[in-house]
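The values are calculated or read from the model by the stated rules, or taken from the named source; none is laboratory data. Here the structure is a predicted model, which means the values were calculated and not measured. Neighbour counts are summed over all protein chains in view; Cβ atoms, including those assigned to glycine, are modelled from backbone coordinates with ideal geometry. In case anyone asks, the SASA skips ligands and DNA or RNA and just uses the protein heavy atoms, side chains included. Shrake-Rupley method; radii C 1.70, N 1.55, O 1.52, S 1.80 Å.
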Amino acid sequence: MDNARLADGLHEHTAGFAAAVEHADPAAMVPTCPEWPLRVLVGHIGQAHRWAASIVRDGPSPVPDPFDADPGTPGKWSAWLREGAEDLEDAVRAAGDTPVWTFFGPQPARFWLRRMLHDTVVHHADAALTTSRAFTVAPDLAADAISEWLEVLCDPVTTSLKPAFAELRGTGQTLRLEPRDGPGWLITRSPEGVRWTRATKTADVTLTGPVRDLLLVLTRRLPLDRVTVTGDEALAAHWLAHTAA
């Protein structure tokens, strides 16, 4: 997926997020982000986009606290959110191929465009669930969001950032995500960590459904029963119980 598609997706889902929270109660609690009122979720999105842009331009800085973000009054949320997404796109475009800091070592600046896109996609779903708005995501973006999340989980650095993810290690157990269109994902839980490939093979448990629903189940935004589960359901439940981001 090229930078233009990533940027388009970022703007699309930032706008969708803004529409989902329009006229909503800032104090409404977000059911999929425990202890976060809607105002904090809004603050997190705009804050994260600006934070990523600052990393691309100036190097690493401490992870900000979403409760410290100030998105302004609800009437200003949409413009503030759009400005943050534009700032990130501008920073990545200016950086070009120059490596920048990431949690996983130096990488091209597009790393942050992709990371923030998929963070925004999932939080767009959070906002829509909170305000009872519709949530849609293009299949190519949903598929890339699944792949990007699995890349994060597979990186050895991830368990040093969040030790609880070490519980995803196993002895060869396999999970398969099977969308209705396109290739699926085969996840293997090895003693060394999580591994994955876009191969379609028999697995201990298979989750089948639209790629949108697979993404939302994988990121714990929808319950497991929203997709078809074939095989060891307890294995799938264990995976989800230990992937709280």
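Below is a table of values for the structure above.
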quantity	calculated
Accessible surface of Met116 - all protein chains present, 1.4 Å probe, nearest 10 Å²	10
Relative contact order computed over segment 54-178 (Cα-Cα under 8 Å; 6+ residues apart), in percent	17
Inter-label distance, nm, simple model (7 Å from Cα along the C-beta direction), Thr98/Arg169	3.9
Choice from Glu12, Glu35, Glu167 showing the highest fluctuation, given a GNM over the chain with Cα pairs closer than 10 Å	Glu35
Principal axes of segment 78-209: Cα extent on each, largest first, Å	47, 38, 27
With every protein chain in place, the chain: carbon and sulfur % of accessible area (1.4 Å)	54
Paramagnetic reach from Thr208 in segment 221-245 [backbone N under 11 Å; point 7 Å along Cα→Cβ]	228-231
Relative contact order, percent, the chain [alpha-carbon distance under 8 Å, six or more residues apart]	17
Between segment 30-105 and segment 153-204, the alpha-carbon center distance in angstrom	28
Sum of side-chain charges, Glu86 neighbourhood, beta-carbon under 11 Å (Lys, Arg +1; Asp, Glu -1)	-1
Highest-first arrangement of 142-149, 40-47, where packing means the average Cβ count within 10 Å	40-47, 142-149
Angle between the chain longest axis and helix 3-21 axis [Cα atoms, degrees, rounded to 10]	80
Solvent-accessible heavy-atom area per residue, rounded to whole Å², over segment 28-77 at 1.4 Å	48
Contact order relative to length of segment 136-245, as percent, for alpha carbon pairs under 8 angstrom and 6 or more apart	24
List Phe67, Phe165, ordered by accessible area with a 1.4 Å probe, largest first	Phe67, Phe165
(1) 51, 35, 30; (2) 76, 40, 36; (3) 49, 41, 32, with the label sought being that of the calculated Cα extents along the principal axes in Å	(3)
Cα gyration tensor shape for segment 96-170, rounded if a/c is under 1.5, else prolate or oblate	oblate
